[in-house]
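K.L.:
I'd like to ask some things about the structure below.
The values are calculated or read from the model by the stated rules, or taken from the named source; none is laboratory data. Keep in mind that this is a model prediction, so the values were computed, not measured. Cβ placement follows ideal geometry from the backbone for every residue including glycine, while neighbour counts extend to all protein chains displayed.
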Amino acid sequence: MSCMHDPVQAQYQLVTPTDFITTLLTCKQGAYPNEESLLDWSKQFKQNLDLTNPYIGKAALDHYVQTLPAYTAAAYKPSPQEEAAFEPMKHKFQWKKSTAHTLIKLNNWKAFEAYLFIQGCDQSKYGSFARNRQAQYSLSNDQHPKTLTAAVDALNQHRYDPKYFESKKKDRERRNDNDNRNTPSSDNSMPS
């Protein structure tokens, strides 16, 4: 029996990208009692993005983005004269995507990064932040941060949710109860 690890080359080719993508989608900020600061969490998240990027790039959402009304509305519409001129070779020709398309895709990717970051934050501290954004969106008032920087800034301004303080208080009480049980009582009476 060998104690050597299999070299990465012997690993199935989809294991590594799948692991990185799974980590990016499921990573969470350290919660109480193993708290992680928002700054540390943002650094960890950015590192996960950097590690995942070579495997999925920033085009992972492109197919979805192309179905959005804003993307369709930004499409270049040829004039009837242009269509007539290219009719004989229409099967070989595609209209170029506009720079608006590229910008829409990039902005959606940045918003996706911000959304994943917020979803991975300690929900006992920031859960109401995410819920409030979704409630506002359902009322046609989109307040979701559109970049990772905007998400970090918004969460820095957010007051921790009461749930966080309640859990800390309960834990403190639990520790005090355990300390009281484990401490021998000081009985001043002498045995007879």
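K.L.:
In this structure, is ASN132 over 30 Å from ASN107 (Cα atoms) and surrounded by fewer than 13 Cβ atoms within 10 Å (Cβ to Cβ)?
P.N.:
Working: over 30 Å from ASN107 (Cα atoms): no; surrounded by fewer than 13 Cβ atoms within 10 Å (Cβ to Cβ): yes.
Judged against the criteria, ASN132 is not a match.
K.L.:
Pick from the stretch 154-178 the residues that are under 17 Å from the mean Cα position of the chain (by Cα) and surrounded by 13 or more Cβ atoms within 10 Å (Cβ to Cβ): which of them is nearest to LYS43 (Cα to Cα)?
P.N.:
Quick first cut of the stretch 154-178, residues under 17 Å from the mean Cα position of the chain (by Cα) only: 154-156.
Still in the running and surrounded by 13 or more Cβ atoms within 10 Å (Cβ to Cβ): 154-155.
On the way: ALA154: 16, LEU155: 14 Å.
If we take residues in the stretch 154-178 being under 17 Å from the mean Cα position of the chain (by Cα) and surrounded by 13 or more Cβ atoms within 10 Å (Cβ to Cβ), then LEU155 is nearest to LYS43 (Cα to Cα).
Yes/no per residue for (1) under 19 Å from TYR64 (Cα atoms); (2) modelled with pLDDT under 90; (3) in contact with a helix residue (DSSP H, G or I) (Cβ under 8 Å, 6 or more places away or on another chain); (4) assigned to a loop (DSSP other than H, G, I, E, B):
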site: ALA100; (1), (2), (3), (4): yes, yes, no, no
site: LYS110; (1), (2), (3), (4): yes, no, yes, no
site: ALA114; (1), (2), (3), (4): yes, no, yes, no
site: ILE118; (1), (2), (3), (4): no, no, yes, no
site: SER128; (1), (2), (3), (4): no, no, no, no
site: LYS146; (1), (2), (3), (4): yes, no, yes, yes
site: TYR160; (1), (2), (3), (4): no, no, yes, yes
site: ARG172; (1), (2), (3), (4): no, yes, no, no
site: ASN176; (1), (2), (3), (4): no, yes, no, no
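K.L.:
Please enumerate the residues belonging to the stretch 126-144 that are closer than 21 Å to TRP41 by Cα and out of contact with any Phe, Trp or Tyr (no Cβ under 8 Å at 6 or more places or on another chain).
P.N.:
GLY127, SER128, PHE129, ALA130, ARG131, ARG133
K.L.:
When you go through (1) under 16 Å from the mean Cα position of the chain (by Cα); (2) modelled with pLDDT under 90 one by one for ASN188, which number turns out not to apply?
P.N.:
Evaluating ASN188 over (1) under 16 Å from the mean Cα position of the chain (by Cα); (2) modelled with pLDDT under 90 leaves (1) as the failure.
K.L.:
Could you give every pair whose Cβ atoms fall below 9 Å, whose first residue belongs to the stretch 49-75 and is more than 20 Å from TYR115 (Cα to Cα), and whose second residue is basic (Lys, Arg) and modelled with pLDDT under 85, counting only separations of at least 6 or pairs across chains?
P.N.:
ALA74/LYS97; ALA75/LYS97
K.L.:
Among the residues of the stretch 29-55, count how many are among the acidic types (Asp, Glu) and farther than 27 Å from LYS163 by Cβ.
P.N.:
Step one: filter the stretch 29-55 for residues among the acidic types (Asp, Glu), giving 35-36, 40, 50.
So of that shortlist, the ones also farther than 27 Å from LYS163 by Cβ come out as 50.
Count: 1.
K.L.:
When only residues in the stretch 135-153 that are surrounded by 10 or more Cβ atoms within 10 Å (Cβ to Cβ) and among the small types (Gly, Ala, Ser) count, which is nearest to LEU39 (Cα to Cα)?
P.N.:
Of the stretch 135-153, the ones surrounded by 10 or more Cβ atoms within 10 Å (Cβ to Cβ) are 135-137, 142-153.
Add one more test, that the residue is among the small types (Gly, Ala, Ser), and what stays is 135, 150-151.
Values: ALA135: 27, ALA150: 13, ALA151: 12 Å.
So, considering only residues that are surrounded by 10 or more Cβ atoms within 10 Å (Cβ to Cβ) and among the small types (Gly, Ala, Ser), the one nearest to LEU39 (Cα to Cα) is ALA151.
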